[in-house]
Amino acid sequence: MFHKLSLLVIIVALIFTGTVDAQIKNSKHDLSFSSTATVRTTTSGYEEVCVFCHTPHSKQSTSLLWNRTASTATYAVYSSPTMEATVPQPGGVSKNCLSCHDGTVTYASIVNNPGSGAGIVPAFSGTGKMDTTTAAVPAGLGTNLTNDHPIGFVYSTHRATDTGLRTETTSGSKISVQATSPARTLPLYGTTAGTASLECGSCHNPHGVSGVSMFLRVSNANSEMCLTCHIK
Ligand code: HEC
Ligand code: HEC
Ligand code: HEC
Ligand code: HEC
């Protein structure tokens, strides 16, 4: 009986560590004090990982229990002569990423810090923001998104006029682009095909995926991720 119980405890523990935490801990998105990442807080004892992006309470945005101050930047967006439609300002879910990656908001701009009241505000070295000027830090996208893959537009409207794009799949209120051999699914953001947009999270999973680099949702070996949407 005891053995069965302890086995169960181990299995449950494995299931939990095997999900979000296992991949995010010590990844570049682990900004806690004990993280092995280069960018992390210098405040000893500040060990929460999720807090840099989510809070269980006092959420400030309508979704994801988002815990960061939004960027107020206006972005230069992608355009090209061959694009079927114009690209708007990034959508809310992409702005979540840009609240660190455009380099205008400090890492410490957390709405609800650990502890009661104002809580403990984590310190960071340097400017405390993402570096967007040094070539060696490509993660700092800045506010010029003209040289980045277009985001923030409704996938189906672009797809309708471009035969080189795979038709999206609607499953209840979840819209995605799916391909086979190997099977892969990339999410679009919105509850109907007519409103679902392509955002940073269509290609990236900020928690990391086991065995896949760059926080990509699926491996891009042989450009498989690109070929989920583009039929080339
Ligand atoms: C660097 C920012 C960041 C950190 C740190 C982070 N998340 Fe997230 N999380 C996000 C973003 C962005 C999304 C939305 C993902 C999407 O667009 O699909 C999200 C979505 C989620 C979701 C809902 C969708 C899903 O993937 O299941 C859960 C649950 C979640 N996070 C839990 C956690 C937990 C638990 C931690 C800490 C161990 C954590 N996150 C740390 C950025 C972060
Ligand atoms: C709390 C701040 C924060 C948020 C929010 C955040 N990131 Fe990051 N991200 C970082 C930091 C810090 C790095 C590492 C930068 C460095 O090493 O100089 C990083 C690195 C990355 C990298 C490079 C990974 C690698 O292995 O080189 C990718 C890709 C990335 N982030 C994507 C995203 C996406 C997509 C989102 C939203 C879904 C997001 N990030 C949200 C802080 C953030
Ligand atoms: C269409 C898919 C796609 C979208 C949308 C996308 N990315 Fe990426 N991103 C990638 C791929 C693929 C890589 C890896 C490139 C490589 O390996 O050289 C990457 C790399 C990165 C890196 C690492 C930069 C580097 O060169 O080391 C960061 C940071 C990043 N993305 C953040 C973002 C953010 C923030 C957004 C939204 C504003 C976003 N990405 C939207 C596909 C995408
Ligand atoms: C989630 C679906 C999706 C993924 C994944 C994706 N794309 Fe795209 N991509 C699109 C859509 C939709 C457009 C807009 C097409 C249009 O309106 O002409 C686009 C536009 C582009 C354009 C600009 C075309 C132009 O006319 O200026 C290029 C280049 C491109 N993608 C390359 C890539 C590459 C390389 C990858 C992999 C790193 C990738 N895409 C991954 C959906 C995707």
Free of Cβ contacts under 8 Å to residues at least 60 places away in the same chain and surrounded by fewer than 14 Cβ atoms within 10 Å (Cβ to Cβ), is that true of ALA193? no
Can VAL49 be described as free of Cβ contacts under 8 Å to residues at least 40 places away in the same chain, in contact with an Asp or Glu (Cβ under 6 Å, 6 or more places away or on another chain) and outside the structural domain of THR161 (by TED's automatic domain parsing)? yes
Residue count, region 113-168, condition free of Cβ contacts under 8 Å to residues at least 24 places away in the same chain and either of a type in the set (Gly, Ala, Ser) or not in a loop (DSSP other than H, G, I, E, B) (or both), comes to 11
Residue count, region 176-192, condition more than 16 Å from ligand 2 (Cβ to nearest atom) and in contact with a Phe, Trp or Tyr (Cβ under 8 Å, 6 or more places away or on another chain), comes to 1
Just one of GLY152, GLY126, GLY164 is more than 14 Å from ligand 1 (Cβ to nearest atom) and either in contact with a Ser or Thr (Cβ under 9 Å, 6 or more places away or on another chain) or in the same structural domain as GLU47 (by TED's automatic domain parsing) (or both); which is it? GLY126
Quick one: would you say ASN96 is among the polar types (S, T, N, Q), crowded, with 19+ Cβ neighbours inside 10 Å and at pLDDT 90 or above? yes
Boolean, SER219 is within 8 Å of ligand 4 (Cβ to nearest atom), among the small types (Gly, Ala, Ser) and either under 20 Å from ALA139 (Cα atoms) or assigned to a loop (DSSP other than H, G, I, E, B) (or both): no
Provide a single number: the residues in region 197-226 that are touching a residue at least 40 places away in the same chain (Cβ under 8 Å), away from ligand 1 (no atom under 12 Å from the Cβ) and within 23 Å of CYS53 (Cα to Cα). 1
Consider region 99-155. How many of its residues are within 16 Å of ligand 3 (Cβ to nearest atom), at negative phi and among the small types (Gly, Ala, Ser)? 5
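The values are calculated or read from the model by the stated rules, or taken from the named source; none is laboratory data. This one's a predicted model, so the numbers in the text were calculated from it and none came from an experiment. Positions of Cβ are backbone-derived with ideal geometry, glycine not excepted, and every protein chain shown enters the neighbour counts.
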